[in-house]
1. Of the numbered conditions (1) open to solvent by 10 Å² or more (accessible area, probe 1.4 Å); (2) out of contact with any Leu (no Cβ under 9 Å at 6 or more places or on another chain); (3) under 21 Å from Leu201 (Cβ atoms), Ala173 satisfies every one except a single condition; which is it?
2. Have a look at Gly426, Gly449 and point out the one that is of a type in the set (Gly, Ala, Ser) and under 21 Å from Ser80 (Cα atoms).
3. On the given criteria, is Ser96 open to solvent by less than 10 Å² (accessible area, probe 1.4 Å) and either modelled with pLDDT under 85 or part of a helix (DSSP H, G or I) (or both)?
4. For the stretch 40-79, how many residues meet the condition of being part of a helix (DSSP H, G or I) and out of contact with any helix residue (DSSP H, G or I) (no Cβ under 8 Å at 6 or more places or on another chain)?
5. Quick one: which residue in Val323, Val368, Val337 is within 20 Å of the chain's Cα centre (by Cα), open to solvent by 20 Å² or more (accessible area, probe 1.4 Å) and not assigned by the TED database to the domain that holds Leu175?
6. Which one is nearest to Leu405 (Cα to Cα) among residues in the stretch 433-475 that are open to solvent by 10 Å² or more (accessible area, probe 1.4 Å) and among the aromatic types (Phe, Trp, Tyr)?
7. Among the residues of the stretch 383-398, what is the count of those that are farther than 16 Å from Thr435 by Cβ, touching a helix residue (DSSP H, G or I) at 6+ places or on another chain (Cβ under 8 Å) and open to solvent by 10 Å² or more (accessible area, probe 1.4 Å)?
Amino acid sequence: MYASREDIGYDFGDDSKVGSKPIKPNPNIDGGWAWMIVLSSFLVHILIMGSQMALGILNMEWLEEFNQSRGLTAWVSSLSMGITLIVGPFIGLFISMCGCRTTAIIGGILNALGWILSAYASNVHYLFLTFGVTAGIGSGMVYLPAVVMVGQYFQKRRALAQGLSTTGTGFGAFLMTALLKYLCTEFGWRNAMFIQGAISLNLCVCGALMRPLSPKDLSEKYMVRSDSEENRAKTLSHSTETMKSNGVLGEEPEKKEEAANEEVLGSVQHIEIGGKSGGGRSMYGLRILKTVSQLTVTVRKGFALWYSSYFGATSLFTNRVFVAFIIWALFAYSSFVIPFIHLPEIVKQYNLSRQDNVFPLTSIIAIVHIFGKVILGIISDLPCISTWNVFLMANFTLVTCILTLPLMQTYVGLAVVCALIGFSSGYFSLMPVVTEDLVGTKHLANAYGIIICANGISALFGPPFAGWIYDITQKYDFSFYIAGLLYMVGIIFLLIQPCIQKKEPREKSTEEAQI
């Protein structure tokens, strides 16, 4: 275990030289427009993650409408959830090139289009394409920018800000479950999806609120971060030396790239100035050339940053704790998704529909999930508490609940376990904070894209696997047991790698002393 969250990994290029002059903090960092970013991210989580947590309602409608197996029908929900997260690394490329605002607005249009086209589905396979792929890609293009922007605007209260914004998942699951149930009852599932598509257009408004910080503002944030961590520099010195020896902290390629880009733009501007004596047509052509050149430079810089994060000298995969984090993410998310998709069927199987109609179990998870995110975020921001340790404790609680849930066959027992699942799954608000502590703010978009991609793979195969096990055994018990055991394997990876990480520098220092 670590005494502080900064000890869990490396910082990829976020360290800035601290100048002698005092730095005036930007009012939008940890305040001002930062809270509008939290509001935008909160609404995104309601409309995207909340809607996906409520897909159990539509899953039952699709089972009745198309009369397909539970395993095949569950693929519709899994594709939507999985693709939303799997496209994370590629959305990171979009963010590097176009920025968070443009990416989110385009994603909002795609998501709404997916919902509306799904209203005309004639079979399950049609839903795979419209709802699973189209709406899933659109959701991913909005979700990642919403998380990244909160990380950019907050420094001192990151865990609390992420906790508040991601409570939208709990609110959304509660609200969207009630809304979709009402719409399906009153208008049928097809009209319900059409109406939900119109509501999803509000994602474009959320994207418009994502005002980017200027490079100067970001650099000031890095300087403030360096000041606040100066007293802990000694504990991180061994990590920095290791990274330097591997060439990870080298910035020369980026500087050369920027110099080449400036040379290209400078030559275009020189031609433009020299061509002023020409006609209006030539000036118009030069303006087009200048615009194309600027666009090319932006695309090249964005692709270079994206490529270097995955395959270059500054590859995120050189951080072994981060790799362990990815392995954990491959097993973790399905354990949270499976109850949301299959709980309505489990309740029906146990003849508990009357109690569940009064207060659905999925709503219990959603409501307690809200408090879990906020409370865990507040606890993690305390100076004497390690975010990493809070994160691990919440994971242990959740995996215990997943393994216990099949043993409960009364409504009260299921309600208690669901409440614990909701609270412990509040660690989702800590995932961006832990990721940023591992790789730094500069690489947050690409790193978190990898993490949610791994979560997406987990969400993609989890519910269909549970449905397939049910088709064979006519029980969901084994689905929860297997998912819980795989989840435990991921947690073990998180525990092993930090121990190795701390042991290696000690062995190295012992060898140097002997020499």
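The values are calculated or read from the model by the stated rules, or taken from the named source; none is laboratory data. The model shown is predicted, which means the values in this text are computed figures rather than measured ones. A quick note on method: Cβ atoms are made from the backbone with ideal geometry, for glycine too, and the neighbour counts reach across all protein chains shown. The area values use the complete protein model at the heavy-atom level, side chains included, leaving out ligands, DNA and RNA. Shrake-Rupley method; radii C 1.70, N 1.55, O 1.52, S 1.80 Å.
1. With respect to (1) open to solvent by 10 Å² or more (accessible area, probe 1.4 Å); (2) out of contact with any Leu (no Cβ under 9 Å at 6 or more places or on another chain); (3) under 21 Å from Leu201 (Cβ atoms), Ala173 is out only on (1).
2. Gly449
3. no
4. The qualifying residues number 1.
5. Of the residues listed, the single one that is within 20 Å of the chain's Cα centre (by Cα), open to solvent by 20 Å² or more (accessible area, probe 1.4 Å) and not assigned by the TED database to the domain that holds Leu175 is Val323.
6. By that ranking, first place goes to Tyr470.
7. Going through the stretch 383-398 one residue at a time, the tally reaches 3.
Residue-by-condition table, conditions (1) touching a residue at least 12 places away in the same chain (Cβ under 8 Å); (2) surrounded by 21 or more Cβ atoms within 10 Å (Cβ to Cβ):
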position	(1), (2)
Gln162	yes, yes
Ser165	yes, yes
Ala178	yes, no
Glu186	no, no
Ala192	yes, yes
Ala198	yes, no
